[in-house]
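J.: Sending over a structure as structure tokens; questions will come in a sec.
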Amino acid sequence: MYTEPFVTHDNIDDKLTEWLARIDRYTHPRPNLTLKPEKCALLVVDMLHYFADPGGRVYLPSTEAIIPRIATLLKHWRKIGGTVVYTQHCHRGSEDLGMLGKFFSDFIRCGKKESEIIPELSPLPGEKIFRKNTYDAFYRTKLDGFLRSRSVEQVLVTGVLTQMCCETTARSAFVRGYEVYIPADAQTTSSEELHIGSLQNLASGFAVITGTYSICSGGQE
């Protein structure tokens with residue numbers, strides 16, 4: 001086990017309330033931003049066996065609490081005919097590790113079970129999976145072109161790890177002109193401190209932070 005869970009099935013609603021309260025000082029009214037599911041792509045970032053399977057080498061126990069939240073968002077997006085996109089982080093070998101190879105001694109291997117999306121959140125036929133080998137899902141992928149071809153103007157970022165691939169992708173989306181929305185209860189990482197810090201950063205200037213059920217009911221907290 002890589003870390004102890006800081007959020008569970010039993011306390012995730014209370015944790016969401018706590019997190020939103022803790023980032024409130026960094027959150028300001030965004031009158032020009034309203035989530036419109038028909039214009040918003042749901043991004044499921046790196047929910048792979050490596051991170052979200054108890055047998056994974058870098059298993060994050062807190063993924064157990066967010067998997068049902070992401071599943072709820074997937075069900076909602078599919079029902080309304082919204083755009084659903086997955087990312088799959090993996091490497092062919094040492095030749096494509098880049099800076100990650102200097103930071104970490106392990107990596108996710110393409111073609112292995114560890115790089116596959118967990119079955120609880122499996123893509124449906126026709127839903128796009130974009131393979132990446134760094135934090136930013138837009139970097140050297142066709143994600144941006146695909147979203148623009150679907151007239152997508154907003155992104156809803158879920159998955160792992162909050163402060164790494166999720167935050168980097170959210171920032172990258174922002175600078176490309178997309179409105180960014182973050183369900184705080186549908187992302188996780190290795191510690192609550194890192195999770196909160198990332199949410200604070202994003203709330204201050206990049207994204208609207210909200211919750212899964214608020215999104216599905218048409219609100220934004």
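J.: I'd like the distance separating the alpha-carbon centroids of region 169-184 and region 49-91, in whole Å.
T.: 18 Å
J.: Next question, about the same structure. Return the subset of K75/K128; K36/K79; K15/K132; K39/K142; K15/K36; K39/K79 for which the Cα-Cα distance in this structure is over 23 Å, preserving the input order.
T.: Correct reply: K15/K132; K15/K36.
J.: What is the local net charge at D136, summed over the other residues whose Cβ is closer than 14 Å to its Cβ (Lys, Arg +1; Asp, Glu -1)?
T.: Charge balance in the 14 Å sphere: +3.
J.: Would you give the gap between the C-alpha center of region 1-26 and the C-alpha center of region 188-221, rounded to a whole Å?
T.: 10 Å
J.: Find out how many positive minus negative residues lie around R148, taking Lys and Arg as positive, Asp and Glu as negative, among other residues whose Cβ is under 11 Å from that of R148.
T.: Charge balance near R148 sits at +1.
J.: Hey, got the dipole for the chain? About the Cα centre, +1 on K and R Cβ, -1 on D and E Cβ, debye to the nearest 20?
T.: For the chain, the charge dipole is close to 980 debye.
J.: Counting Lys and Arg as +1 and Asp and Glu as -1, each charge on the Cβ, what is the dipole of region 1-105 about the Cα centre in debye, to the nearest 20?
T.: With Lys and Arg at +1 and Asp and Glu at -1, about 480 debye.
J.: Under 10 Å, Cα contacts only: if you run a Gaussian network model on the chain, which one of K113, K102, K142 comes out with the highest mean-square fluctuation?
T.: The residue with the greatest mean-square fluctuation here is K102.
J.: Separate question: Within the chain, which cysteines find no other Cys whose Cβ is under 4.7 angstrom from their own?
T.: Taking the Cβ cut-off of 4.7 Å, the unpaired cysteines of the chain are C40, C165, C166, C216.
We did not get these values from a lab; they are worked out from the coordinates using the rules stated. This structure is a prediction, so every number in the text was calculated from the model and none was measured. Note: ideal-geometry Cβ built from the backbone for every residue, glycine included; neighbour counts use all protein chains shown.
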